[in-house]
Ligand code: ALA
């Protein structure tokens, strides 16, 4: 399975040439050839704007763009009318959070968790500041897990209008129990937004079953292009416009405008057409994946890596949830993670170090930063072995 995957990701060949192992798929995944080829083909041979031209080329661009919406909707088991294309996860969260600026009042509450990425924290912090609503946090325990009883108590004792939680933590690796959180939100009448950015590479969300109000992810973390996000909205009629401009209007007068309904009302201006078009072929690839096998593969790499690094003195994992699949954040006592990752880089290992856009979380865990290894479908046992060897060598130099 892995060898076949590796040959379908052209960048692996480039990485192999310089003997580099890529262990930062949590930041962005490598790109699958189906997405790369179709994006290149569209830009080279079929470029034209969508929803505008009366000529065949533009009609074909529109057809391909809308086909991607249909394919993504089918992949996520929802309706194309519930899929909005955005610039990425951050953009999607801002669009929805800004809408809540018009909906929340002083007595209302917003519930998020301490493990949120800045992208799912700052927008809600801004909504709270703008509306006077209270921003509540569900705490993260020492393993890096959320507690459903605490979530229930926060929902029960406050007028929570919107809860926004990551499906998987980009720093701790914790996979949250979205279905149980959804049931609690439904019981206490809070809308639920799920940031799926980290989760979508290890599972296929069934949005009808999950029954959340909003779900979003970026294509670039799902083997696809940069600059394209998918935002699922259960009831799009209830979401106000985020930006206005061309492409979303019915009739414009000097003093008034009437707008389209449906997803197009959220996509003013010229979108990332080639990026969206490439999602169609990408979905064909995603549909061939067996996510149970993928999870098993990545968990095996995670477990091996954790076991081997644990044998080295001073190893401090950040997040030890039993739900972890493919993210290992860690430090070594007395060693700065940036120094460690620099030496790892010199030995051909690409890992992210720093606060991972989760400063409040790391502060709570008592560290300013950490190194992070993240595994994907194209990583191998040999990659882990190379990492462990390089960590040992780097620590000898640093200690
Ligand atoms: N959110 C990305 C990460 O965790 C960029 O690295």
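Rule-based calculations on the coordinates, nothing more; no lab input. As the structure is a prediction and not an experimental result, all values here were calculated from the model. In this analysis, Cβ positions are derived from the backbone assuming ideal geometry, glycine residues included, and neighbour counts consider all displayed protein chains.
General remarks:
- Residue list for the stretch 195-210, given a label point 7 angstrom along the Cα-to-Cβ vector of residue 296 and an amide N cut-off under 17 Å: 202-204
- Label point distance in nm, residue 381-residue 67, each placed 7 Å from Cα along Cα→Cβ: 4.2
- Using alpha carbons only: equivalent-ellipsoid semi-axes of the stretch 189-257, gyration tensor based, whole Å: 29, 18, 8
- Dividing the summed -39500 (n - 2.57) terms of all DSSP H runs of n ≥ 4 by the residue count of the chain sets its mean residue ellipticity at 222 nm at -12500 deg cm²/dmol.
- Cα-Cα separations in the stretch 57-112 greater than 13 Å, expressed as whole percent: 71
- With 10 Å bins beginning at zero, the pair-distance distribution over Cα atoms of the stretch 232-325 amounts to 12, 23, 19, 19, 16, 9, 3, 0 %.
- Beta bridges per DSSP with both ends in the chain, % antiparallel, nearest 5: 55
- If you take the Cα centroid of the stretch 105-132 and the Cα centroid of the stretch 61-104, the two points sit 21 Å apart.
- Across all Cα atoms of the stretch 137-220, the radius of gyration (one decimal) and Dmax (whole number) stand at 12.5, 38 Å.
- Each listed q (0.20, 0.22 Å⁻¹) maps to a log10 I(q)/I(0) for the stretch 1-95, found by the Debye formula over equal Cα scatterers with no solvent: -1.17, -1.21.
- As a ratio to 2.2 N^0.38 Å, the alpha-carbon radius of gyration computed for the chain takes the value 1.02.
- Relative intensity, log₁₀ I(q)/I(0), of the stretch 166-286 from a Debye sum that treats every alpha carbon as a point, q = 0.18, 0.21, 0.22 Å⁻¹: -1.07, -1.25, -1.29
- With the Kirkwood sum run over all distinct C-alpha pairs, the stretch 317-369 has a hydrodynamic radius of 12.1 Å.
- With viscosity 1.306 mPa s and temperature 10 °C, the Kirkwood radius over alpha carbon pairs of the stretch 13-61 converts through Stokes-Einstein to a diffusion coefficient of 117 µm²/s.
- Using every pair of separate Cα atoms, the Kirkwood estimate puts the hydrodynamic radius of the stretch 281-399 at 15.2 angstrom.
- Whole-number Å³ per residue for the convex hull built on Cα positions in the stretch 261-313: 175
- D_trans [Stokes-Einstein, Kirkwood Rh over alpha-carbon pairs] for the stretch 292-342, 4 °C, 1.567 mPa s, µm² s⁻¹: 109
- In plain terms, the chain from residue 398 to residue 148 could stretch by 85.8 nm, reckoned as 0.36 nm per residue minus the Cα-Cα distance.
- The spacing between the stretch 261-322 and the stretch 159-231, judged by their C-alpha centroids, is 13 Å.
- When you work out D = kT/(6 pi eta Rh) for the stretch 359-398 at 4 °C and 1.567 mPa s, using the Kirkwood radius from C-alpha pairs as Rh and the Stokes-Einstein form, the result is 105 µm²/s.
- For the Cα trace of the stretch 53-158, dividing Rg by the Kirkwood Rh returns an Rg/Rh value of 1.13.
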